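Below is one structure, written out as structure tokens, with a few remarks after it.
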Amino acid sequence: GNSVTQMEGPVTLSEEAFLTINCTYTATGYPSLFWYVQYPGEGLQLLLKATKADDKGSNKGFEATYRKETTSFHLEKGSVQVSDSAVYFCALSERGYSTLTFGKGTMLLVSP
Amino acid sequence: EAGVAQSPRYKIIEKRQSVAFWCNPISGHATLYWYQQILGQGPKLLIQFQNNGVVDDSQLPKDRFSAERLKGVDSTLKIQPAKLEDSAVYLCASSLATGSGNTIYFGEGSWLTVV
């Protein structure tokens, strides 16, 4: 079956530091890949997505590249802000389907 | 545009009691999902509707959980009787349609504590 593995948190960074959150997946076929973010007290929001190999999703300074050869979709940001503190979820959906399979989430804490 | 609405936001019940959660999806969205998120884990799909028909309920514990989507709009998720391990956040989500090109939008969730 499909599965998503994320690095365990919390990830603790100072403001303006570089962020990487690792995500790898196992899937049959050729999935679409997503990063969702959950701010404290709020629902899940789509951050970015990629639907084919070598696609780069980007939004709000965050980027992730779909790497089929390493089955990875690592999230990066060059300079984090305190307001980026949240839980980040990597997810996939099988080709042709919208249903999401999520990783366990990685908490990011950014201090001033 | 209004988002996915859920109620109640918080509920505490004793084991063996029943509880119901309500969801109103984004207007025009044909596909509706219920996910269960246990603390420290990612959301897990319980059931998916396309209009008022069930697309996938393979992970719904049908001995205690039920869900319906009358008239293809609002949906209700019911748990009866509740167990301690049902303590979780129940997330409702919607999308325009099924298919991997459709973005899924989530509500804020209904937090359930079973004591």
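The values are calculated or read from the model by the stated rules, or taken from the named source; none is laboratory data. The structure presented is a predicted model; accordingly, all values stated were derived computationally and were not measured. Don't worry about glycine lacking a Cβ; one is built from the backbone with ideal geometry, like all the others, and counts go over all protein chains shown. All accessible areas refer to the heavy atoms of the entire protein, side chains included, with ligands and DNA or RNA removed. Shrake-Rupley method; radii C 1.70, N 1.55, O 1.52, S 1.80 Å.
Observations
- Qualifying residues in region B:39-55 (those that are more than 17 Å from B:V73 (Cα to Cα) and surrounded by 14 or more Cβ atoms within 10 Å (Cβ to Cβ)) - the one farthest from the other protein chains (Cβ to nearest Cβ): B:L46
- The set of residues from region B:89-100 being more than 10 Å from chain A (Cβ to nearest Cβ) and either open to solvent by 10 Å² or more (accessible area, probe 1.4 Å) or out of contact with any strand residue (DSSP E or B) (no Cβ under 9 Å at 6 or more places or on another chain) (or both) is empty.
- Against the test of being open to solvent by less than 50 Å² (accessible area, probe 1.4 Å) and in contact with a Phe, Trp or Tyr (Cβ under 6 Å, 6 or more places away or on another chain), the options A:T106, A:T65, A:T99 yield a single qualifying residue, A:T106.
- Of everything listed in (1) within 14 Å of another protein chain (Cβ to nearest Cβ); (2) modelled with pLDDT of 95 or more, the single unmet condition for B:A30 is (2).
- Against the numbered list (1) over 24 Å from A:A50 (Cα atoms); (2) among the aliphatic types (A, V, I, L, M); (3) under 15 Å from the mean Cα position of the chain (by Cα), B:I104 comes up short only at (1).
- Here A:Q38 fulfils each of the conditions (1) within 15 Å of A:L108 (Cβ to Cβ); (2) at the interface with chain B (Cβ under 10 Å from one of its Cβ atoms); (3) open to solvent by 70 Å² or more (accessible area, probe 1.4 Å) apart from (3).
- Among residues of region B:20-38, those that are of a type in the set (A, V, I, L, M, F, W, C), assigned to a strand (DSSP E or B) and open to solvent by 10 Å² or more (accessible area, probe 1.4 Å), counted: 2
Residue-wise test of (1) within 14 Å of chain B (Cβ to nearest Cβ); (2) closer than 27 Å to A:G1 by Cα; (3) touching a residue at least 40 places away in the same chain (Cβ under 8 Å).
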| position | (1), (2), (3) |
| --- | --- |
| A:L44 | yes, yes, yes |
| A:T70 | no, yes, yes |
| A:K77 | no, no, yes |
| A:A86 | yes, no, yes |
| A:L109 | no, no, yes |
